[in-house]
Amino acid sequence: EAEHAFRGATACAPRPAPAGLVGVADVGGGSTELVVGTAGGAVAWSVSLALGSASATDAAPDAEALRRHVAAAFAGVRPPHPERAYAVGGSATSLARLLGPELTPDVLADGLALLASTPPAVVAARYDLHAERVRILPAGLLLLDAAARALGSGLRIAGGGLREGVLLAHLDAVGGCGGDGQGT
């Protein structure tokens, strides 16, 4: 999963491809993957954490417990620091609607303040989000913040992720779009 998310994010990154190491944070409902590698190259480091936006929300009764739960999941996670880092997954896509395409520490703090001070139904209506997504969004935001801190970089919302990486792997397996092994 981490490799597919990395490939999808880097394949859909603006051209020219980022030089040096590239990081990807993929926050899903049940897990979070961090990946570091080179665009168009191999993954050099990855970790999968058994904590995602939905599972974190369900495991923590309040905001402080949620923060502790996320911090515990990231304890000991020490990836190489990339030149650029991307965020993928449902939380990242939803946060792009609320906060824009760049998730810096200040932007993430503003997002958390917005979610803490605005009723979920208002956030859902204002930003055209599903109510269930808004319910788990604070956990997704905290997970992305922890990922950004671990990677030592703000996160840019990527245009592609896990799904695109899976499709690219499938195309490789069948020999391209034509499926004739010739890449045609």
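The values are calculated or read from the model by the stated rules, or taken from the named source; none is laboratory data. Model, not experiment: these values are computed from the prediction. All Cβ positions, even for glycine, are placed from backbone atoms using ideal geometry, and neighbour counts span all protein chains on display. Accessible surface areas use protein heavy atoms only, side chains included; no ligands, DNA or RNA. Shrake-Rupley method; radii C 1.70, N 1.55, O 1.52, S 1.80 Å.
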Report task. Considering only DSSP beta bridges where both residues belong to the chain, give the percentage that are antiparallel (nearest 5). Result -> 70 percent
Query raised in the report: To the nearest 10 square angstrom, what accessible area does Arg133 show with a 1.4 Å probe?
Result: 70 Å²
Report summary line: Scalar couplings 3J(HN,Hα) for segment 37-43 by Karplus 6.51 cos²θ - 1.76 cosθ + 1.60 (θ = phi - 60°), nearest whole Hz, x for Gly and Pro, are x, 10, 4, x, x, 8, 6
Report task. State in Å² the accessible area per residue of the chain; use a 1.4 Å probe, count heavy atoms of protein chains only, and round to the nearest integer. Result -> 48 Å²
Requested in this report: Could you list which residues have their amide H under 5 Å from that of Tyr86, counting only those 5 or more apart in sequence or on another chain, with H placed in the peptide plane?
Outcome: Gly23, Val24, Ala25, Arg156
Requested in this report: Quickly estimate the mean residue ellipticity at 222 nm for the chain, helices only: each DSSP H run with n ≥ 4 gives -39500 (n - 2.57), and the total goes over all residues, rounded to 500.
Outcome: -16000 deg cm²/dmol
Query raised in the report: If one computes the Cα centroid of segment 25-71 and of segment 110-146, what distance in Å separates the two points?
Result: 17 Å
Query raised in the report: Across the chain, where is the longest run that never hits GluC sites (Glu not before Pro) in a DSSP loop with at most 15 other C-beta atoms within 10 Å?
Result: 84-184
Query raised in the report: Roughly how many percent of the accessible protein surface of segment 43-158 is carbon and sulfur, given a 1.4 Å probe and a whole-percent answer?
Result: 54 percent
